Amino acid sequence: MPGGSAAAVVRRLLADLELPAELVVLDSARDRSEPVWSSVGPRLDALPEVNAAAAERAIALGCGVLLSGDGADELLGVPRFATAAVAARRGVRAAVRYMADVASSGPGLPGELAGAMAGLLPHGLRARAYWAANWPAWCDPVAPPVLAEPYRSAATAWARQWVDTQVAAHAAAGRSWARADSWDAAFPREAIPPASAVAEASPFLHETFLAAALALPLGDRYHPGLPSTYLRCKAQVVRLLPAAALPVLPRHKQYFKTALAQASTSGCRAPRCVEAGLLDGQALAVESDTAVLLVVAALERWLAGADEKAAVFNG
């Protein structure tokens, strides 16, 4: 239900699985709070004010830690270009089903075929070809025009150097296209501090689980016998749940586009960033990219917090 609430889905799961849990529902439009300011830098979680409200509600309920599912899809979902890996672990029929499932996403069937052939290439050429196929927009990255100079040029130079570093790391490790995509899905991870006084953690990012997930054969992340593309591509996540959960699991991913679009509107005005010379006010006035506006909102919020804390910037 893109743009809808997940509450109905969660209620049904709790009821069908007979889980004795209290469900607390927050409205992303109404339940908002200011996250704790951190000198580390702007918070880049998608809905920081909603996350802060959830943390404060957890404190009020006496919770000692707020757990999330961060990392589950990235570490356990099947990557792109995994046709050969699926065939090796699940058989040819499973590989054909996998190809049908990914045909309309990302590089699609041409990418799968190219990925299968890429193993014949030298490591360096294989890594560069992988990047071109999987991240075409990041082959020659350019910082968005909302960044004012000299920051836009500096950010562009940094981004290009970062891409070169990632490609070189894939080449040095001799990764297949599938292994490279699985690595890029999980790393690097943004270090986001807690939104409030309660501790936050994800079991999927615990070092023991992380090591086990990375050691799992990529082909095992897919299972052709599950009832939808979404579940087939998240087979290891499904495997963590009781067998009785399968009939009631959602068959499609929820994206919460409406909540993200609403949150991004706060990035349309960033007077502190413009006054500080970080952003170009004219470019910001016509910017419509949700991802860019979310980052702008995070930067403006961080500067506001710095003003309140009377923070001193060095350098």
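Taken together, the residues in segment 1-45 that are part of a loop (DSSP other than H, G, I, E, B), small (Gly, Ala, Ser) and either open to solvent by 40 Å² or more (accessible area, probe 1.4 Å) or within 30 Å of LEU246 (Cα to Cα) (or both) amount to 8.
Inclusion of SER104 among residues that are modelled with pLDDT under 95, out of contact with any Lys or Arg (no Cβ under 7 Å at 6 or more places or on another chain) and surrounded by fewer than 16 Cβ atoms within 10 Å (Cβ to Cβ) is warranted.
Go through ARG175, ARG189 for me and flag whichever is open to solvent by less than 60 Å² (accessible area, probe 1.4 Å), of a type in the set (Lys, Arg) and in a loop (DSSP other than H, G, I, E, B). That would be ARG175, the only listed residue that is open to solvent by less than 60 Å² (accessible area, probe 1.4 Å), of a type in the set (Lys, Arg) and in a loop (DSSP other than H, G, I, E, B). When residues in segment 113-162 are screened for being closer than 22 Å to ARG272 by Cβ, in contact (Cβ under 8 Å) with a residue 24 or more places away in the chain and of a type in the set (A, V, I, L, M), 3 of them pass. For segment 132-157, the set of residues classified as open to solvent by less than 70 Å² (accessible area, probe 1.4 Å), assigned to a helix (DSSP H, G or I) and touching a Phe, Trp or Tyr at 6+ places or on another chain (Cβ under 9 Å) consists of ALA133, ASN134, listed by residue number.
Inside segment 222-239, residues that are free of Cβ contacts under 8 Å to residues at least 60 places away in the same chain and either part of a loop (DSSP other than H, G, I, E, B) or open to solvent by 70 Å² or more (accessible area, probe 1.4 Å) (or both) make up a count of 5. A count restricted to segment 252-288 and to residues that are open to solvent by 80 Å² or more (accessible area, probe 1.4 Å), in a loop (DSSP other than H, G, I, E, B) and either modelled with pLDDT of 90 or more or under 22 Å from LEU303 (Cβ atoms) (or both) stands at 3.
When ALA127, ALA132, ALA118, ALA137 are checked against the criterion of being more than 11 Å from ARG80 (Cβ to Cβ) and touching a Cys at 6+ places or on another chain (Cβ under 7 Å), a single residue qualifies: ALA132.
The values are calculated or read from the model by the stated rules, or taken from the named source; none is laboratory data. What you are looking at is a predicted structure, and each value in this text was computed from that prediction instead of being measured. All Cβ positions, even for glycine, are placed from backbone atoms using ideal geometry, and neighbour counts span all protein chains on display. The area values use the complete protein model at the heavy-atom level, side chains included, leaving out ligands, DNA and RNA. Shrake-Rupley method; radii C 1.70, N 1.55, O 1.52, S 1.80 Å.
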